[in-house]
1. Express in nm, to one decimal, how much length is gained between PHE92 and ILE78 on full extension, taking 0.36 nm for each residue of separation and deducting their alpha carbon distance.
2. Each residue of the stretch 133-147 in order: what ³J(HN,Hα) in whole Hz does its phi give by Karplus 6.51 cos²θ - 1.76 cosθ + 1.60, θ = phi - 60°, with x for Gly and Pro?
3. Give, as a single signed number, the net charge of other residues whose beta carbon lies under 12 Å from the beta carbon of GLY108, with Lys and Arg counted +1 and Asp and Glu -1.
4. If we count every other residue with Cβ under 15 angstrom of GLY88's Cβ, Lys/Arg +1 and Asp/Glu -1, where does the sum land?
5. Can you give the local net charge around ILE130? Use residues other than it whose beta-carbon is closer than 12 angstrom to its beta-carbon, Lys and Arg +1, Asp and Glu -1.
6. Rank-order 90-103, 154-167 by packing density, defined as the average count of other C-beta atoms within 10 Å over each peptide's residues, highest first.
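Bear in mind these aren't lab numbers, they're just calculated from the coordinates by the rules spelled out. Bear in mind that the values here come from a model prediction, so they are computed numbers and not experimental data. Every residue, glycine as well, gets a Cβ built from its backbone with ideal geometry; the counts of neighbours run over all protein chains shown.
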Amino acid sequence: MSKGNKKKKNNDLGALILLITLLIMMKMPDLNFGIRFAKDRNWPCVGYYTITSGYGRRNISIPGASKNHKGIDIGCPIGSEIVSVLDGKVIFTGYNTYRGYYIIIDHGNGIQTIYQHGKANGFKTSVGSIVKAGQVIMLSGNSGVSGGPHLHFEVLINGNNVNPKTWLRTI
């Protein structure tokens, strides 16, 4: 093998190792050493992107669950990091039979976000705290009316629910 071909083969191997490492880090956020990918920018559930239930009307067999879904559900394991999507002020942390452990953040200009079904003792912030976009605010769980571990994420503009998936594309 010539020197040039050996060098190209080493470069290809290095690129392959880098690609595999990045893919593993994206699928296993606990191994990402605090690195946030562009895909995570303004996304509430670090490292998890599967929407298991969309916004609006739905057929659901879970007792107590709303047929008019006011947010999106993002599937993730219990204990996943949930982050604020924008800078804001925490105006509520607490528990509700339906929402489970949840947080409401006011971002100003009539925008509020709600993060539901957190883990018991999973709050990483408190009422009155100022949070930054990307800051961990709670750990995901399976509390309240829930068919499995996930984050339920809602966006309100001037008190009216809007489709979070559509809204996230605008920030």
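1. 2.9 nm
2. 4, x, 7, 5, 10, 6, 9, 5, x, 8, 8, x, 7, 8, x
3. Its environment carries a net charge of -1.
4. Computed value for this residue: 0.
5. Around ILE130, the charge tally is 0.
6. Going from most to least packed, we get 90-103, 154-167.
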